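Trainee: There's a structure below that I have some questions on.
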Amino acid sequence: MEWFSAGLASKDHVGDIFSTAPRELARALTLQQTVELVRTSMAVVEELVEHIAGSNEYRQSYLRESLLRYSSEIAFAAAEFYARAAENRGAWDARLQDLVLDSILAGSSDDALLARAAAAGWDVSKCVVALVGPVPSTQVAVEIHMEQIRRTAKSAKLEVMVGVHNDRMITIIGGIEATDIPEVIARPFAGHFGAGTVVTGHIVSNLQAAHASAQEALSGFRALSYLTDSPRILAAADLIAARVISGDTSAIEPLVSKLRASLREDVRQTLACYLETAPTIEGCARALFVHVNTVRYRLKRVLDVTGLDPFEPGDALTLRIALMIERNSTNL
């Protein structure tokens, strides 16, 4: 009533009512609660119009019209205030996620990483996986593709961080299970990357271990240039040979250790003979003076232990590189 009686019935004055409101107001009261508060206040005042304006119908009409304009402007001012607060909060969340993503890529796993991730709304105890793929076409703003990735994650009830580093877009997906398959997780997101292959890292137990998955995916993405063709989605674990050739020798260390620790010497000898000397079962059997079924059994043992098939060209290359590195480390 001070606004009305003082002759301040101006749009500018009403619009400034939230200008001094603290940010905490947006946290303490929702927009819906604020609108309900305004509606209730206006309803109470409207009930008292006759008491305030007296019996003069002109004054009553003018007061009701002013109340309608006042409540409308208050509602618009509230909407603008909450929209600005949401925009600032969104920008702050995006900045937090950028810091978390940078920390992951740098290999940081300290308390600051967890604090920032928690502030951004992440459940840091859930499993995560990294995806690396080409930056989308410049015909559509990259930010739009990134927002689509966030929406895709939200619809699947997953958490996501996404950023662009040079010629690659890096995505960290959280809220998954240890039993999930990385390629399946990546499928709904692949369409928001640029043309080419999206490489997945392995699933890790929590956000603190995300660096390992991200580095694996980055290593796989760098190794794609060594392939003549590749599918839309590919696990970095399927790119071991190319990763080693591109300089990531750590990619093959688990396989080298497995060959050394889990395969008998005669099995390793048979594998080496088949891959390096006599690339047929019969020829390998003659070279080793054993029965062909013995060769088959030993090569089947390699598949059982390593998951790599000596009869498949890509796996055979990976196994041969692993044998060479294992042999070199033994001779040092």
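Trainee: Given the range 122-219, what strands (runs of 3 or more DSSP E) lie entirely inside it while holding 1 or more residues that are under 18 Å from ASP238 (Cα atoms)?
Mentor: 127-134, 198-200
Trainee: Let me ask something additional. Out of the residues in the range 108-121 that are part of a helix (DSSP H, G or I) and of a type in the set (Gly, Ala, Ser), state the one that is surrounded by the most Cβ atoms within 10 Å (Cβ to Cβ).
Mentor: The qualifying residue surrounded by the most Cβ atoms within 10 Å (Cβ to Cβ) is ALA117.
Trainee: On the given criteria, is GLY247 of a type outside the set (Lys, Arg), surrounded by fewer than 17 Cβ atoms within 10 Å (Cβ to Cβ), touching a residue at least 60 places away in the same chain (Cβ under 8 Å) and not in a helix (DSSP H, G or I)?
Mentor: Answer is no for this residue.
Trainee: Check the range 206-221 and report whether any residue there is farther than 24 Å from LEU114 by Cβ and surrounded by fewer than 24 Cβ atoms within 10 Å (Cβ to Cβ).
Mentor: yes
Trainee: Could you tell me which of the residues PRO231, PRO254 is surrounded by fewer than 17 Cβ atoms within 10 Å (Cβ to Cβ) and outside the structural domain of VAL160 (by TED's automatic domain parsing)?
Mentor: PRO254
Trainee: Further, regarding this structure: Of the residues GLU46, GLU36, only one is farther than 30 Å from THR200 by Cα, at pLDDT 75 or above, touching a Lys or Arg at 6+ places or on another chain (Cβ under 8 Å) and not in a strand (DSSP E or B); which?
Mentor: It is GLU46.
Trainee: Which of the numbered conditions does ARG286 fail, given that it passes all the others? Conditions: (1) without any contact (Cβ under 8 Å) to a residue 12 or more places away in the chain; (2) closer than 25 Å to VAL198 by Cβ; (3) not β-branched (Val, Ile, Thr); (4) not assigned by TED's automatic domain parsing to the domain that holds GLY201.
Mentor: Exception for ARG286: condition (2).
The values are calculated or read from the model by the stated rules, or taken from the named source; none is laboratory data. For clarity, every value in this text was computed on a predicted model and none was experimentally measured. Please note: Cβ atoms are built from the backbone with ideal geometry, for glycine as well, and neighbour counts cover all protein chains shown.
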